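Accompanying notes for the structure given below.
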């Protein structure tokens, strides 16, 4: 079969479209014919050698967390799926035995990891991580859900967002940001999204209640403050936007941080943190039930994921260049 492989950890120029061995399912596994695979910042961090797993990678390496497709074959002891089933993958990998796997949430598993291998014509996956696709959800749409929408939904749960809350999403035009604004709306809450690109702001207006153009934290702080106190912040940027998030929260407000696109470290005013009793929490991916909930929202029509562009598998490097340049609005999807 063909795959888009990482041949070294430098950047999109290191992606090669090549032939790799066909996968064979082992016990508890299924081979899926990949119909669509979504790009995520995690894949880009891996490609640039900025991931914690960078030192453990063998080449050629096939990345890609999020896939949807049709089951081709199954291994022994698999009864949850069968050949011909339309499915989407929850990319979580857990040990199944630690206290977090027993009691939840599973994404706190002491050996938590992620599946990689979606950027290929076929992928061998754990069969118990496959969810059935409703008839009215196509594979391209489904492939956008596992990381971006599951992550955004989990952040909303971590920050206890409910109807009537006001939620700020800085940098709201990538896949996680757009997902967050859409899911905030589905909950009946009020969203504020920002972007430094005027054209993206025009598109964001269809998904957010308030749109702010700008990247500078001082500009964003003033603009959000003019709208009103914020109950929660969903922050996938990190860096200087962590203090920004605290600055715009009401007393007792909540912020979840799930990424480091704008910086892996942040300086915050600790006195404000404790005096105003903010809740600052980390959030990684989500749980399989989170993905099931998001899938149900999409199937019901409450949420319509945004796909910027689809690419052939041989064009995966081009898709990564778009992500590296932050050119896309919503998700970039490869269709093998």
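What follows is calculated from the coordinates using simple rules that are stated; it is not laboratory data. Just so it is clear, the model here is predicted, and its values are computed rather than measured. Every residue, glycine as well, gets a Cβ built from its backbone with ideal geometry; the counts of neighbours run over all protein chains shown.
Scanning region 38-79 for residues that are assigned to a loop (DSSP other than H, G, I, E, B) and surrounded by 22 or more Cβ atoms within 10 Å (Cβ to Cβ) yields 39, 40, 63, 64, 65. Tallying residues that are in contact with a strand residue (DSSP E or B) (Cβ under 9 Å, 6 or more places away or on another chain) and in a strand (DSSP E or B) within region 242-264 yields 9. Counting the residues of region 300-336 that are touching a helix residue (DSSP H, G or I) at 6+ places or on another chain (Cβ under 7 Å) and either surrounded by 23 or more Cβ atoms within 10 Å (Cβ to Cβ) or not in a strand (DSSP E or B) (or both) gives 17.
Only residues that are outside any strand (DSSP E or B) and either in contact with a helix residue (DSSP H, G or I) (Cβ under 8 Å, 6 or more places away or on another chain) or crowded, with 20+ Cβ neighbours inside 10 Å (or both) were counted across region 113-136, and they come to 11. Residues that are in contact with a helix residue (DSSP H, G or I) (Cβ under 8 Å, 6 or more places away or on another chain) and without any contact (Cβ under 8 Å) to a residue 40 or more places away in the chain within region 277-298 comprise 278, 280, listed in sequence order.
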